[in-house]
Amino acid sequence: MRLAELQQQFIKDLTTGSQGSVPMLAGSSAQAKSRLKVYQNSVGAIISDVLADFFPVVQQLVGEAYFNQLVRQYIALSPPQQGNMDAYGATFADFLAESGQPLEYLPDIARLEWLQHAALIAADEPQLTAQAFQNHTEFYLTHPLQLASCAVVLSSAYPVLTIWQMHNQNKVRELNSLNQAEIALICREPEGTVGVWPLQPWQQDVLTLSAQQNLPWSMEQLHTAPQEMQQFIAFCLQRGLWRDNK
């Protein structure tokens with residue numbers, strides 16, 4: 001077996017639990033299996049720790065032991081492709097959805113947590129500030145306003161934000177029904193922290209429509225009360241939600 005083939009087999013063994021590389025390892029078969037098991041356990045533990053940092057509420061909801069089991073299944077299906085682990089876990093929510101979890105809202109909790117991580121590591125770019133908007137109001141009112149790369153909206157058929165807050169922030173809130181849809185806004189603010197806020201449907205529509213045309217056009221389409229619209233625009237500017245494309 002060529003070195004490249006041995007390396008590929010060894011990586012497969014580390015991520016799937018197979019033992020195809022054992023005959024090529026030094027020592028007796030028992031010794032090779034024992035040493036391979038050490039590496040397999042180490043890789044599984046390291047990746048479990050990484051994903052536990054990315055998905056802490058998911059881990060809380062299912063328990064550490066079951067979470068680690070899910071991670072091992074995920075590794076076997078989607079092993080890391082690079083040394084930088086920041087991008088690993090992007091498909092974890094889809095994996096949870098396809099694996100048929102008893103907690104039907106679990107994949108959306110994972111999506112919420114992944115989007116927070118993605119917002120944190122998103123590339124830096126100019127974010128529209130209230131001062132810039134005030135200095136060049138005419139320009140920004142006549143051009144589309146795109147979300148910054150560190151901002152995203154998540155729509156869920158479940159009360160994911162309420163559930164996430166209850167577990168992550170120790171907030172006791174009444175959960176009337178799991179069929180209560182919620183919209184969450186995730187954004188890395190100018191000071192570098194990632195915030196998560198609830199959005200009303202009309203606010204989500206503002207962000208969608210203003211990216212297609214402009215703010216005045218959005219206001220005409222939605223017939224939103226001027227005071228509410230002004231408050232929401234101020235909220236967006238304060239948190240650097242829009243990209244400064246001037």
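Since every read-out is calculated from the coordinates, none of them should be taken as a lab result. This one's a predicted model, so the numbers in the text were calculated from it and none came from an experiment. Here the Cβ is made from the backbone with ideal geometry for all residues, glycine too, and neighbour counts use every protein chain on show.
Summary table below
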read-out	value
Charge dipole magnitude, Cβ of K and R +1, D and E -1 - the range 58-143, Cα centre, debye nearest 20	180 debye
Efficiency of FRET between His143 and Ala4 - r from beta-carbon atoms, R0 51 angstrom, step 0.05	0.50
³J(HN,Hα), Karplus 6.51/-1.76/1.60, whole Hz, each residue of the range 198-215, x for Gly, Pro	x, 10, 8, x, 5, 5, 4, 5, 4, 5, 5, 6, 5, 6, 7, 10, 6, 5
Dipole of the chain, positive direction: furthest Cα of Thr224, Ala87, Pro126, with charges on the beta-carbon	Ala87
Sequence of Ser156, Ser99 once ranked by neighbouring C-beta atoms within 10 Å, starting from the fewest	Ser99, Ser156
Entry for Cα extents along the principal axes in Å (calculated from the structure that is shown) out of (i) 53, 33, 31; (ii) 77, 43, 27; (iii) 54, 38, 33	(ii)
Dimensionless Rg over Rh [the range 37-161; C-alpha; Kirkwood]	1.11
Cβ-placed point charges (K, R +1; D, E -1), dipole of the chain about Cα centre in debye, nearest 20	860 debye
More than 18 Å apart - percent of Cα-Cα pairs taken over the range 104-246	58 percent
GNM flexibility winner over the chain from Tyr66, Tyr158, Tyr74 (Cα, springs under 10 Å)	Tyr66
